[in-house]
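The values are calculated or read from the model by the stated rules, or taken from the named source; none is laboratory data. Just so you know, these numbers come straight off a predicted model, no measurement behind them. Areas reflect the complete protein model, heavy atoms only, side chains present, ligands, DNA and RNA absent. Shrake-Rupley method; radii C 1.70, N 1.55, O 1.52, S 1.80 Å.
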Amino acid sequence: ARNRFSLETELRRAIESEQLTLAFQPLIELKNGRIAGFEALARWNDSERGFVSPVDFIPIAEDSGLIVPLGNWAIQEAARTLADWDAKMGGREAPVYIGVNISAIQLMRSDVPQVVSDALSEAKVSGDRLILELTESAILGDPDHASAVLGRLKALNARIAMDDFGTAYSNLAYLQKLPVDVLKIDRSLVTDMLQDHGKISIVRAIQSLAETLDLKTAAEGIEGPELARMLAVLGCDYGQGYHYAPPLSAADAYAFLTASLNAATT
C-alpha cells in the first residue's frame with residue numbers, strides 16, 4: 001500500500017512536470033508493406049525508480065483519476081510530434097497518422113473533443129492525422145454518451161478506432177450506429193492464431209464484419225512474417241508488432257518513417 005501511494009504521488013509529479021514520454025509503434029499496410037502510422041504509448045523513466053512499466057502505472061493512473069491529465073497530455077504530445085515531423089520534412093506533411101489511447105474514465109470525465117481541438121489548433125495539424133483509440137467497454141459501456149462524444153470528434157475530422165476488438169461483448173446494433181473507422185483486433189486473437197484454427201475463424205469473422213460495415217481493420221501483436229502473410233490473406237488492412245518494430249522514441253520513429261518512405265520510392 002505504501003509503495004502504491006508513493007508511486008501515485010511520483011506519477012502525479014511526473015505528469016505535472018511532463019517527465020513522461022511517448023513511444024511510437026509503427027502500423028504497416030499489410031498489402032504493400034508501407035507505413036501507415038504509429039500508435040503512441042506512454043512511457044515513464046523515473047530518475048530513482050528507473051523504467052516503470054505501463055502495466056504498473058496505468059492501473060494506478062486509472063484508479064486515481066490521473067489518467068485524465070495523462071491522456072490529455074498524450075493527445076497534445078502526439079499533435080506536437082506530428083508538427084515536429086512536418087517541420088523536419090521541410091514543411092511537407094508527414095504522410096502518417098498517430099493513434100492515441102483514450103480511457104473510459106477520460107471519455108466520461110473530460111471534454112475530450114475540446115482537448116483534441118486545442119491540441120490540433122496549437123500544433124497546426126489536421127484532425128484526420130489523429131486516431132483516437134477506445135476499447136469496446138469504453139464505447140459500449142455508455143453508448144449514448146460515447147456516440148455524442150465521438151460525433152464531436154468526427155466533426156474535427158479525427159478518426160476513431162475500437163481497440164482490443166474481439167475480447168468483450170459487442171453490441172453490434174450500436175457498433176453499426178457509432179462513427180467508428182477502424183477495428184483493432186486484439187493481440188490475444190493474433191499471436192498464436194497459426195496454431196489455433198478457431199482464432200483464425202474469429203479473425204475471419206471480424207474481417208467480414210468490418211467489410212460489411214465499411215471499416216478498416218488493424219491486427220496487433222504480429223511477431224513473425226507468417227502471421228503477417230496470413231492476416232494479409234484474410235484481408236486485414238494494417239498490422240503492428242515486433243515483426244515490424246518495437247515502440248520507438250520520437251527520433252527513432254521519425255528515422256523509421258523516413259527510411260520507409262525512401263524504400264517505397266526506390
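Among rounded, prolate and oblate, which fits the stretch 196-241 when a ≥ b ≥ c are the square roots of the eigenvalues of its C-alpha gyration tensor, a/c under 1.5 means rounded, and a/b larger than b/c means prolate?
Oblate, because a/c is 1.5 or more while a/b does not exceed b/c.
Could you tell me what % of all Cα pairs in the stretch 18-108 have separations over 22 Å? Can you show the working numbers first?
Values: 1502 of 4095 pairs.
Here the long-distance tail beyond 22 Å is 37 percent of all Cα pairs in the stretch 18-108.
With the cut-off at 1.5 for a/c, could you classify the stretch 109-261 from its C-alpha gyration tensor as rounded, prolate or oblate? Working shown, then result.
Working: a/c = 2.22, a/b = 1.18, b/c = 1.88.
It comes out oblate by the Cα gyration axes.
In the stretch 1-108, what percent of the accessible surface is made up of carbon and sulfur (1.4 Å probe, ligands and nucleic acids excluded)?
48 percent
Based on DSSP, what percent of beta bridges with both residues in the stretch 114-249 are antiparallel, to the nearest 5?
Percentage antiparallel, nearest 5: 0.
What percent of all Cα-Cα pairs in the chain falls in each 10 Å bin, counting up from 0?
7, 29, 36, 24, 5, 0
Before rounding to the nearest 500, sum -39500 (n - 2.57) across all DSSP H runs of length at least 4 in the chain and divide by the residue total; then give [θ] at 222 nm in deg cm²/dmol. Can you show the working numbers first?
Numbers: 12 runs with 135 residues, N = 266.
Rounded to the nearest 500, the figure is -15500 deg cm²/dmol.
Taking only protein heavy atoms and a 1.4 Å probe, what accessible area per residue, in Å², does the chain have with all protein chains in place?
That works out to 47 Å² for each residue.
Roughly what % antiparallel, to the nearest 5, for the DSSP beta bridges in the stretch 1-110?
Details: 11 of 15 bridges.
Of those bridges, close to 75 percent are antiparallel.
Let me know the number of lysine pairs in the chain closer than 24 Å at the Cα, not counting same-chain pairs under 8 apart.
Lysine pairs meeting both conditions in the chain amount to 12.
Rounded, prolate or oblate: which one fits the stretch 16-172, using the alpha carbon gyration tensor with axes a ≥ b ≥ c (rounded when a/c is under 1.5, else prolate when a/b beats b/c, else oblate)? Numbers along the way, then the final one.
Details: a/c = 1.38, a/b = 1.08, b/c = 1.28.
Since a/c stays below 1.5, the shape of the stretch 16-172 is classed as rounded.
Kindly provide the Kirkwood hydrodynamic radius of the stretch 79-130 in Å, to one decimal, from all pairs of distinct alpha carbon atoms.
Numbers: mean 1/r = 0.0846 Å⁻¹.
Averaging 1/r across every pair of different Cα atoms and inverting gives 11.8 Å.
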